[in-house]
Amino acid sequence: MAIKSVTPARGVTWRGGLIALLVYVAGSAMGTAHAGSSAIVVDDTDGQVITAVNPDEAAHPASLTKMMTLYLTFQALRSGTLQVDQELPVSSWAASKAPTKLDLRSGQTITVEDCVLGMITKSANDAATVVAEGLGGTESHFVDMMNAQAQLLGMSNTRFANASGLPDPDDTTSARDMAKLAMALYHEFPQYSHYFATKEFMFRGRLVRGHNNLMDKYPGMDGLKTGYTNAAGFNLASTATKDGRRLFSVVLGGRSAATRDRLMARLLDDGFDDHETPAELVAQVGMVPAAAKGSRSKSSAKATALADATPSSRRHHRRGKADAVAARGSASCSKKKAVTCPAPKAATAQKVASVGSSPDK
């Protein structure tokens, strides 16, 4: 099934979007998010799906949620509702958000552009909330706007619960939906797409570094967004170009930043060669089931939460030995059609509860 970028008509109003949301909520039921791995690679030229492994499996988006917050921000910038240098107030609600964050204080102000850069690099939850309140009045109202826009983009398996992606048992998405959103961001807002390539920026006298370490290693990669919570695992939406051709790829539910990044590199390598990536390789990077993790100390949980900001492999190897071994498995997914591929027993998807103490990345 090909993915096509869905561009809503300029005349679509908020009222129409709200109606779409209400119809959707009344007429469908969301699947339960799981911790299994899923992936998709889409050719931007014609929307052809090159690899699809569990692309419609329900999963937690984590900080990939901020891609929708950024979509609505760019929409407001284009319409003139916001200006890049406009100062937005920081509420106590925004300042109280769990890390990662820019450590904003209640009563301060921050520019729209710094909020954008903070969301893309540090995945700042406080910055996402500032924008949400600036556009929606309240974060709750902004979430309604997010969900209405998701339906307009054809993201039928997605429901956002907040503007940042912080843990919530009700937030859910799929790899296919995140690919649709990523493509829409580049197609509809080319004047702002350069922000996704930002690796670091200066904020109030200090250097804020990004979490997307793969951009330093994979030639041609120029965005988009990382994400992590205990419930979601390690997520990544990426886009890269080679010989004038652009691919979009999404990985959800990785067990570590390093394995997620290696899989993403392999997916893109195979995609540029017009090859499918073996489904078994995707399954092997999936999360260990929650029941197998056992109890963890507070220090251990904190280390896991910060793992997304830690550099993974130091260089990108094109089809290394580990990949070759993994590719020998018999499981695969058919080109152009999504096939649900079962993960090995060790990575079997299980229902996960949102963990309130799990910071988003």
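Read-outs: derived from the displayed coordinates by stated rules, not from any lab. Note that the coordinates shown come from a computational prediction; the quantities given were computed from them, not determined experimentally. We place every Cβ from the backbone using ideal geometry, glycine too, and count neighbours over all the protein chains shown.
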What nm value, rounded to one decimal, do you get for the distance between Thr111 and Glu200 when each label is placed 7 Å out toward the C-beta? 2.0 nm
Packing-wise, with mean Cβ within 10 Å as the measure, how do 143-149, 66-72, 101-107 rank, highest first? 66-72, 143-149, 101-107
Determine, for each peptide in 267-280, 158-171, the mean count of other beta carbons within 10 angstrom over its residues, then list the peptides with the highest first. 158-171, 267-280
When you count, for each residue, the other Cβ atoms within 10 Å and take the mean per peptide, how do 200-211, 89-100, 222-233 rank with the highest first? 222-233, 89-100, 200-211
Taking R0 as 45 Å, what's the FRET efficiency between Asp273 and Thr138 from their Cβ-Cβ distance, rounded to 0.05? 0.40
Give me the net charge for the shell around Arg176: Cβ to Cβ below 10 angstrom, other residues only, Lys and Arg +1, Asp and Glu -1. -2
Gain in length, His187 to Asp103, computed as 0.36 nm per residue apart minus the alpha-carbon separation, to one decimal in nm? 27.0 nm
Virtual spin-label span in nm between Asp243 and Ser92, 7 Å along Cα→Cβ: 6.0 nm
